[in-house]
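Engineer: Before I ask anything, here is the structure I am working with.
The values are calculated or read from the model by the stated rules, or taken from the named source; none is laboratory data. Note that the structure is predicted; figures quoted are calculated from it, not measured. Quick reminder, even Gly has a Cβ in these numbers, built from the backbone with ideal geometry, and neighbours come from all protein chains shown. Only protein heavy atoms, including side chains, enter the accessible area calculation; ligands, DNA and RNA are left aside. Shrake-Rupley method; radii C 1.70, N 1.55, O 1.52, S 1.80 Å.
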Amino acid sequence: MRRWHGVISSISRYHSIIFLLSLTITLFLWIDRGDQSDYPKVIPHGMRLAEKSDRRILAAQLIACDTTTGGGVGNVVFELIAFQEIARKLYRSPAIYSDSSTCLEKIATFVEHMPHLVDGFLIVKRPRFIPYPSKYPAHECFDYFDPISTFQSVQHHRIVNTQFNYLQNVRFIDELMGSAELQRRLAFSNQLLDVAKSSVYPEKIDEQTHNICVHVRRGDFMKEKFHLESEADFTVDATKYLIRKMHKRGISQVRVFILGQDAAWARQIFAKASLRRKINLTVIHSPSYLPSMIDWAFAKLYCDTTLLTDRVPTSPTHTEGLSTFFTQF
């Protein structure tokens, strides 16, 4: 009986060892798989994974960048520039979460045409919990908050985690306005500028003419009820206002280019106003297969004055020598 008891004990110890080894291997594989899931699907040009040597980081979920609706090119670019400025004022490096796939994919597309947009950005793992009050420093997309006082209580942390909602307030980038640094971040690639020259309007444009570009903001704006699309009366009246303004300045040679996603609507409203018979006016329709920021590139090349004709515009068109007219900001 003692002999059988010894055999049974040996088998039990053997099974226990096997069980512990199996459990260890399973845990190792599970942890390894978890690390892989934290690895981003794409690392855009200009960004890199954060390292332990990166001591001061401001990590954020960016609502405009992360959403699949309501976050157009202008919204996302403005949000990224404002985020970088907030991080700079806090002496921190801006970082995007590794599981923010939508945002990282958008950035990867943008930097093909704006190669310096996210220079210096990091990618970090998202924490399980983001403590208040740093989670929602601004509830509305146009709200402004002072970065230093808002994050003062958490400045001792190596990584400060937060969430930003569009950041569509020009005060976030007031120190950048007109600077060479802003010009560098928003600079387009030579390839995109070449496409704008050859595909948007391949005819030669007279450099002696003052070019007014009117950006008709409809298309997707008609589908999303929270957007205020361009309206016929304002679009026509604002264009007439700018033409008169240029004439008062002694600029007699004025040409108008209409840009946007709804060329048929633009032709209709300007034909109804009989403006095309009085002024050199051209409606341009950029093919859908061209990059989404192609109108920006065209404006960079040819527009002396740009009019954004939705009622609450947010796009950061801070091109040197470019005047932008808004109805409201």
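Engineer: Checking Leu290 against (1) more than 14 Å from His113 (Cβ to Cβ); (2) modelled with pLDDT under 90, which single condition isn't satisfied?
Structural biologist: (1)
Engineer: Output the residues belonging to region 151-177 that are more than 15 Å from Phe78 (Cα to Cα) and open to solvent by 40 Å² or more (accessible area, probe 1.4 Å).
Structural biologist: Gln152, Ser153, Gln155, His156, His157, Arg158, Ile159
Engineer: Can you tell me which condition His285 does not meet? The list is (1) surrounded by 15 or more Cβ atoms within 10 Å (Cβ to Cβ); (2) in a loop (DSSP other than H, G, I, E, B); (3) at pLDDT 80 or above; (4) over 25 Å from the mean Cα position of the chain (by Cα), and all the others hold.
Structural biologist: Single failed check for His285: (4).
Engineer: Every residue in region 233-254 that is buried (at least 18 other Cβ atoms within 10 Å of the Cβ) and outside any helix (DSSP H, G or I), please.
Structural biologist: Answer for region 233-254, where residues must be buried (at least 18 other Cβ atoms within 10 Å of the Cβ) and outside any helix (DSSP H, G or I): just Val254.
Engineer: How about region 270-282: which of its residues are open to solvent by 20 Å² or more (accessible area, probe 1.4 Å) and either under 25 Å from Asn75 (Cα atoms) or modelled with pLDDT under 85 (or both)?
Structural biologist: Matches in region 270-282: Ala271, Lys272, Ala273, Ser274, Arg276, Arg277, Lys278, Ile279, Asn280.
Engineer: Within the group His227, His215, which residue is open to solvent by 20 Å² or more (accessible area, probe 1.4 Å), modelled with pLDDT of 80 or more, within 17 Å of Asn75 (Cα to Cα) and out of contact with any His (no Cβ under 8 Å at 6 or more places or on another chain)?
Structural biologist: His215
Engineer: When region 184-198 is examined, which residues are found to be in a helix (DSSP H, G or I) and open to solvent by less than 50 Å² (accessible area, probe 1.4 Å)?
Structural biologist: The answer is Arg185, Leu192, Leu193, Val195, Ala196.
Engineer: Which residues, counting only those in region 41-93, are of a type in the set (D, E, K, R), open to solvent by less than 40 Å² (accessible area, probe 1.4 Å) and not in a helix (DSSP H, G or I)?
Structural biologist: Once the filter is applied, which keeps residues that are of a type in the set (D, E, K, R), open to solvent by less than 40 Å² (accessible area, probe 1.4 Å) and not in a helix (DSSP H, G or I), region 41-93 yields Asp54, Arg92.
Engineer: If we scan region 103-116, do we find a residue that is open to solvent by 40 Å² or more (accessible area, probe 1.4 Å), of a type outside the set (S, T, N, Q) and more than 30 Å from Tyr289 (Cβ to Cβ)?
Structural biologist: No, that holds for no residue.
Engineer: Look at region 293-329 and say how many of its residues are at pLDDT below 60, of a type in the set (Ser, Thr, Tyr) and not in a loop (DSSP other than H, G, I, E, B).
Structural biologist: Qualifying residue count for the region: 2.
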